[in-house]
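What follows is a single structure, written as structure tokens, with notes after it.
Every read-out reported here was derived from the displayed coordinates using simple, explicitly stated rules and does not represent laboratory data. Not measured: the values here are computed from a predicted model. Counting neighbours? That spans all protein chains shown, and the Cβs are built from the backbone with ideal geometry, glycine included.
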Amino acid sequence: MPILEVRGVSKRYGKNQAVDDVSFFIEEGETYGLLGPNGAGKSTTIGMITGILERDSGSITVDGIEHSVTNRKSKSLIGFVPQELALYHDLSARDNLRFFARLYGLSKSEARTKTEEVLETVGLSDRAGEAVSQFSGGMARRLNIGLGLLNSPRLLILDEPTVGVDPQSRNSILESVHTLTRGGVSVLYTTHYMEEAERLCDRVGIIEAGKIRAEGTQRELVSQVGEDDTVLITLDAPGERVLDVLRALEPIDEVSSEGTQVRLLTSNARDALPLILDTLTRAGAGIRSVEVQEPDLEAVFLSLTGKGLRE
Amino acid sequence: MSNGPNTLTMIAAIVAKDVRQRLRDGSLLVFGLLLPLGVAFFFNMLLGDDTSRQTGSEYVVVDSDAGSLGQEFVDAALRPLADDGVLELTTADTEDEARALVEDGGVDAAFLVPEDFTESLENGDDAVLTVVGDADAPVATHIAREIGRAFATEHLRIRLAVASGFDSEPSPEDAALLLEEAEAAEAPLVLSEDADLEWRELGNATYYSASMAFFFVFFAAMFSVTSIFDEKAGGTLARLLASPIPRGAILIAKLTSGLVIGLANMAVLAVATSVFFGADWGDPLGAGALILTGVTAVIGLTAAVASFARSSEQAANWLSVLAMLLGVFGGALFPISQLNGLAIVSYLTPHRWFLLGLGELSAGGLDVVLLPCAVLLALGLVGTTVALFRMGRMVNA
Amino acid sequence: MKPLIIGVLNLRRVFRDRTNIFFVLLLPFLMVFMMGLMYGGGQPVLAVSSPSQAGLADRLVDALEEDERIDVLHMDEGEMRDLVEGGDVQAGLVIPDDYEDRIRDGERAELELVTRSDDLAAADVGIWVRSVVTRESSLLSTAQVTGSVRDDGFDERLENASETEVSGIEVEVTTSGDATFPEGLSSHSLAAPPLLLLYTFITALTTSLGIVQARRSGVLRRMYASPTSAGSIVLGEALGRFLIALTQALLILFGSALMFGVDWGDLPATSLVVTAFCLVSSGASLLLGSLARTEGGALAAAVGISLGAGALGGTMLPLESFDETMTTIAFLTPHAWGYDAFSELIRNQATLTDVLPHIGVLLGYAAVLLTLGVWRFRGAVTA
């Protein structure tokens, strides 16, 4: 049984259909990435799954339990790490943790034990008594994640946990999520950083304009746009003669052109590139620029939606 | 099947967290303790603990009269009043001395009986009694004049009877007869005094201690109620909503924090002002009931108003204005008499009912606080209902 | 233009801080209320319960009402007792229903004066009532007695008695000294001016914190890094303090005029006094902000200096109550000059020429403080 099953969920704000018939599931122990640009409906979807927002239609089950904003049982199974630093900055890290532990129904002594455990996990034990306002951005981010772990959730939902974080902290956050998933926690991870999704997620759903556009493992998605690398070359004057020369090259599978730009498909662009450039130079074609695109989620996204993720 | 964790425990956790936050940011200390104590102290210092702002007026008399009439004035008109304790009387030897006393504010007015007081009267001339009043004590001066006039009229009553009794010069026999009658006549008006009415009014120390405490409870409660907007802006509200706690419990918890903080403030202030300023809050049970229902009213009103605001700043601005207006119209800053035009408006404020309840309580009897308590409780419940009704809007985006 | 932008930004920052709404907007009015209350005193009130039909009782009531300094209210006895108990009126007088009949019949009528036990506030009203009753009693007695020799009715006899003059005792009243606060001047008119001075100065000085913050946080360096001259920055910050001080002053000025009906007197003269005092305040604030090393230090100094100078300058207790030495010392503060100028304008309806010396002195203070402030602040910007 999947830990989370979302079926035909929709949500509308006035005229804006924020989420439109979204369905997906997360298996026990799986890390699922929900990928999409800002405004694609990620946060609304997350809001409904965390039980913050009511949905207009559809169903959500958590560990088989029908989930809703009032179902405390299903809410107890979920750990939530919001995008903002949702912390009481005037209180200490320990105060923050103990407070939310109590809200998740831990007894006083359980809350105390769990707090120290989480502090250890996120590496804040030595600063636990300090007000959060004294924390660096990275430390606050770590505490933000730690708060999601208090109830030992079956499903951890991380909503863009690395936004505005320096590369070093980001790495350590990704590391700790990885550690968690190895421990068997199922994770729903939203991001608009492609490389994070590629690094962490078992399966990825691409959401855009409130709809899931594609879903699958990275390999499955990439295969949708083809296995080949793409080389884009802009020439001074691409004549039919130049294209023929390129077509004749053995590693090149396909050649097409549009205006001054020539598009080549090849199974391995790195190996083929010296040959291509050499051939073009000899043919006397003036090269203005060369770009290599390896098939990744970015390319998948681009081919699905016609726009970049960060636009 | 267990329905998740215990809601009451969660509310308690939120309340404890809120109180801790208010302690940390100092708002509890400043608005809950320092400001009300400071302002109550200031009032107390300015006004003293006399319920009356005036004490009995003080007069000085200089009797330079060679004859006996001056002495009669002092003995018949002034001395009885002084003996009753309604005025303070001193004597001076010279006019200059008396004038000096008036000048430097030692007394409110001086009666100057001239040397020829008796003589002038006996010669059929006007005898002049001079009142020298302090320009800063117009009421006392005016009263002094009236004392003099009353003496003059009474003294001349018999002559007046003769003078107004006949249109033309009467025969000595007739005049003598009337004179006798007039002398024998009893004064037609007697004034009895009932000076035993109870005090249903708070002394200054108590009034300002209580009114300031209540006035500032608004500000202490404000921070609790508006913190829901801060939580929304800071993202922690999302966390609260995602946690297994019923939605209504979040608002209930916020209101409870305000109530706890307000009650603690009032309790501390009641004790502190009793000890330091000699305030008398009356029967602890009655005062306790008034405080409990009074703070409930404040929380209810605060929550109702806040529920229409969009942000913490907006709520705080509105609530500051509300607290100020209710304070002014409810008599928290200066006592509103029932005679004042504001009196009707004042009954719309919790301040008025709270202070009225304490005033009634000061005269004894617990049942007198029932009506004020009921009104305050009703205000609180109405406000809370409005807030709960609009809670969805406060909690959701 | 740039100084104005900086100045307005400073003003906006003041109102961004939530607590300032209370301290700038609400507290001054609270204080005007309180001080008005302190000066006010209130008139003694007598409640009278008299028979409904017109007649002799009206004469007594008219006599009681004769003076405006004591308010007389009419009500039934029950309400009167409530009001006396609640302290809303100082005393009550009950005129019995058979008053008219008994007096006309030549009998005596008993009036009742109702007060609370040991209520000193009732003393004045008590004497007033006794004196008026005594006088009326004498006249009524005369009317009763003369019945034996006159044929006309009681009313005519009474009128005759009231109008007959016998040479006798006359009471002459003079008052001594000038009333500190002339009658008819609202007590808030006395409270508002010193508070305007006190609060304008406090508010301006506490904004010196903003300068210290800007210095320490590097905002000042960032401003200087932009193509803005040091002169513009200094001018802007000084203008900011001035605008803040002016806002506070105008709030109290117009607020007290609207809410408490305070008449501030000659408008051009008052404007100039306010402007001059705001310049003084902004100069002091600029100087303090440039000198203080930390925010805490600036705040402590701001509160200490503004309350100290305020108390010394007569904004807490009236300057009139100071003795000679203290008065001399008081006039070392700009507050005392402002206080004196407002006193002239409000109490004595003075005009611009009367307060020119005050304005001159205030401008002198402003010149010295602003010069020192600009000099020190410029040093802080360019350092």
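For chain C, the direction-averaged projected area of the alpha-carbon convex hull comes to 26.3 nm². Between the beta carbons of residue B:378 and residue C:54, assuming R0 = 60 Å, the FRET efficiency works out to 0.85 to the nearest 0.05.
Taking only Cα atoms and a 10 Å spring cutoff, compute GNM fluctuations for chain A and point out the largest among A:120, A:30, A:254. Looking only at A:120, A:30, A:254, the biggest GNM fluctuation is shown by A:254. P(r) for region C:45-163, from all Cα pairs and a bin width of 10 Å, is 13, 44, 30, 11, 2 %, short bins first.
Identify the residues of region A:59-93 with backbone N under 12 Å of a label point that sits 7 angstrom from the Cα of residue A:195 along the Cα-to-Cβ direction, or state none. No residue qualifies, since no backbone N sits under 12 Å from the label point. Excluding same-chain neighbours fewer than eight residues apart, the lysines reachable from residue A:211 by a Cα-Cα span under 24 Å are A:11, A:15, A:42, A:307. Cross-link partners of residue A:108 among lysines, defined as those whose alpha carbon lies under 30 angstrom from its own and excluding same-chain residues fewer than eight positions apart: A:73, A:75, B:17, B:232, B:254.
Spin-label model, residue C:353 to residue B:171: label points 7 Å out along the Cα-to-beta-carbon direction sit 7.7 nm apart.
Share of antiparallel DSSP beta bridges in the protein assembly as shown, in percent to the nearest 5? Roughly 45 percent of the DSSP beta bridges within the protein assembly as shown come out antiparallel. Modelled spin-label separation between residue C:173 and residue B:233, with each label point placed 7 Å from Cα along the Cα-to-Cβ direction: 6.0 nm.
Beta bridges from DSSP with both residues in chain C: antiparallel share about 25 percent, rounded to the nearest 5.
Put in line by how crowded their Cβ is, counting other Cβ atoms within 10 Å and starting with the fewest, B:373, C:278 read B:373, C:278. Take residue C:112, project a point 7 Å from its Cα along the Cβ direction, then tell me which residues of region C:42-85 have their backbone nitrogen under 18 Å from it. Residues C:46-52, C:74-85 qualify, since their backbone N sits under 18 Å from the label point. Relative to one another, the C-alpha centroids of region A:238-306 and region B:231-273 are positioned 65 Å apart. Given their separation in residues at 0.36 nm each and the Cα-Cα distance between them, residue A:66 and residue A:17 gain 15.3 nm when the chain is fully extended.
If a paramagnetic tag sat 7 Å from the Cα of residue B:311 along the Cα-Cβ line, which residues of region B:215-244 would have the backbone N under 20 Å from that point? Inside the label zone: B:222-238. Put a dot 7 Å past the Cα of residue C:216, heading toward its Cβ, do the same for residue A:59, and the two dots end up 6.1 nm apart.
Ranking request for peptides B:381-387, B:35-41: highest mean number of other beta-carbon atoms within 10 Å first, then the rest in descending order.
Packing order, densest peptide first, comes out as B:35-41, B:381-387.
Neighbour counting of Cβ atoms within 10 Å sorts the residues A:217, A:61, A:266, A:162, fewest neighbours leading, into A:217, A:61, A:162, A:266.
For residue C:173, nonlocal amide neighbours, meaning residues 5 or more places apart or on other chains whose placed amide H falls under 5 Å from its own, are B:131. Rounded to the nearest 10 degrees, the angle from helix B:284-306 to the longest Cα principal axis of chain B is 60 degrees. Axis angle, to the nearest 10 degrees, between helix B:7-24 and the longest C-alpha principal axis of chain B: 60 degrees. Taking N as the residue count of region C:154-310, its C-alpha radius of gyration divided by 2.2 N^0.38 Å amounts to 1.80. Note on region A:127-178 and region C:104-147: Cα centroid distance 86 Å, given to the nearest whole angstrom.
Annotation: peptides A:123-132, C:84-93, ranked by per-residue average of other Cβ atoms within 10 Å with the highest first, follow the order C:84-93, A:123-132.
Within the same chain, aspartates and glutamates fewer than 8 places from residue A:114 are excluded, and of the rest, those with a Cα less than 19 Å from its Cα are A:95, A:126, A:130.
Order these peptides, A:186-199, C:119-132, C:146-159, by their mean beta-carbon neighbour count within 10 angstrom, highest first.
C:119-132, A:186-199, C:146-159
The equivalent ellipsoid that matches the C-alpha gyration tensor of region B:55-184 spans semi-axes of 32, 15, 12 angstrom, in descending order. Taking the alpha carbon gyration tensor of region C:233-383, multiplying each eigenvalue by 5 and rooting it gives semi-axes of 28, 18, 15 Å, largest first.
Using a cutoff of 8 angstrom between alpha carbon atoms and counting only pairs six or more residues apart, the relative contact order for chain C works out to 20 percent. Using only the C-alpha atoms, the convex hull of the protein assembly as shown corresponds to 237 Å³ per residue. The distance linking region B:298-323 with region B:194-219 is 27 Å (Cα centroid to Cα centroid, whole angstrom). Taking region B:72-171, which chymotrypsin sites (Phe, Trp or Tyr not before Pro) meet the DSSP loop condition and have no more than 10 other C-beta atoms within 10 Å? In loop regions of region B:72-171 (DSSP not H, G, I, E or B), there are no sparsely surrounded chymotrypsin sites (Phe, Trp or Tyr not before Pro).
Taking every DSSP bridge with both residues inside chain B, close to 30 percent are antiparallel.
Put in order of Cβ neighbour count within 10 Å, fewest first, the listed residues C:46, C:332 become C:332, C:46.
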